[in-house]
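Everything on this sheet refers to the single structure shown next.
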Amino acid sequence: DAAPLLGGQLMSAVITGGKYPMTLFIAILARIHAGEKINRTKAAVIKAVLAKNFYSEVATVALNNESSNIPYTLGRLFYILEYLQGQANNGSAAIRQRYFSSACTNPRNVFPKLLSLSMHHADKLENAAWFEKQKGELISRLDSTDPFPSALNLQQQGEFIIGYYHQQQSRYTKKEDK
């Protein structure tokens, strides 16, 4: 259900090298907030808009382990917390459905609760040390005085989603032989 003029605006931006239409970006964010999965097409559109319209450093092809961008890091942390819950509950992870939209828009309201719950989930696992290490590394990149912003703007929401997507996709990449 794309807006009637969106195709023309998008084609014009591609041909002229201009900025991509924000209506496309907002529509993708709205679909993700409504519960749709983040697939490669949605991630590609978000990355394209972040790169072209906002010149964001996180619009990379793959996981950026060196980034200290707060929304990107929070997206990565959210995925680790989701993965932890899924492992603890035999594949059933409900935090994506319950908390993703809130975490993406108002991290301060959600992350303290999720981190508290994660300790309970970690107690169920033998490999909890790996999850704690991942959480620790990501939390250390956040501002120590105010780690969770009260609200994220549209650009930051896109960066959060890309962080989540990159962390998720990194599970499927082959590990280099040592």
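Observations, loosely collected:
- Residue count for the range 111-131 satisfying the condition of being under 27 Å from Glu66 (Cβ atoms), part of a helix (DSSP H, G or I) and over 19 Å from the mean Cα position of the chain (by Cα): 4.
- In the range 137-163, residue most open to solvent (accessible area, probe 1.4 Å) [restricted to those that are among the small types (Gly, Ala, Ser) and at pLDDT 90 or above]: Ser140
- Residues of the range 84-110 that are open to solvent by 50 Å² or more (accessible area, probe 1.4 Å), assigned to a helix (DSSP H, G or I) and more than 18 Å from Glu159 (Cβ to Cβ): Gln87, Gln97, Arg98, Asn109.
- Residue match in the range 2-23 (condition: within 17 Å of the chain's Cα centre (by Cα) and open to solvent by 20 Å² or more (accessible area, probe 1.4 Å)): no
- All conditions in (1) part of a helix (DSSP H, G or I); (2) over 26 Å from Ser170 (Cβ atoms) hold for Lys42, with the sole exception of (2).
- Within the range 111-124, being in contact with a helix residue (DSSP H, G or I) (Cβ under 6 Å, 6 or more places away or on another chain) and exposed (fewer than 14 other Cβ atoms within 10 Å of the Cβ) holds for one residue alone: Lys124.
- Filtered residues of the range 49-70 (kept if part of a loop (DSSP other than H, G, I, E, B) and open to solvent by 50 Å² or more (accessible area, probe 1.4 Å)): Tyr55, Glu57, Val61, Ala62, Asn65, Glu66, Ser68
- With respect to the stated conditions, Gln97 fails to be polar (S, T, N, Q) and closer than 20 Å to Met119 by Cβ.
- Verdict on Phe100 being under 26 Å from Lys52 (Cα atoms), touching a His at 6+ places or on another chain (Cβ under 9 Å) and either hydrophobic (A, V, I, L, M, F, W, C) or at pLDDT below 95 (or both): yes
- Residue in the range 23-35 that is touching a Ser or Thr at 6+ places or on another chain (Cβ under 7 Å), in contact (Cβ under 8 Å) with a residue 12 or more places away in the chain and either under 28 Å from Ser140 (Cα atoms) or in a loop (DSSP other than H, G, I, E, B) (or both) present: yes
- Leu152 being within 13 Å of the chain's Cα centre (by Cα), in a loop (DSSP other than H, G, I, E, B) and either more than 27 Å from Ala59 (Cβ to Cβ) or touching a residue at least 24 places away in the same chain (Cβ under 8 Å) (or both): yes
The values are calculated or read from the model by the stated rules, or taken from the named source; none is laboratory data. Please read all numbers here as calculations on a predicted model, not as lab measurements. Reconstructed Cβ throughout: ideal geometry from the backbone, glycine too, with neighbour counts over all protein chains shown. These accessible areas exclude ligands, DNA and RNA; they are computed on the full protein's heavy atoms, side chains included. Shrake-Rupley method; radii C 1.70, N 1.55, O 1.52, S 1.80 Å.
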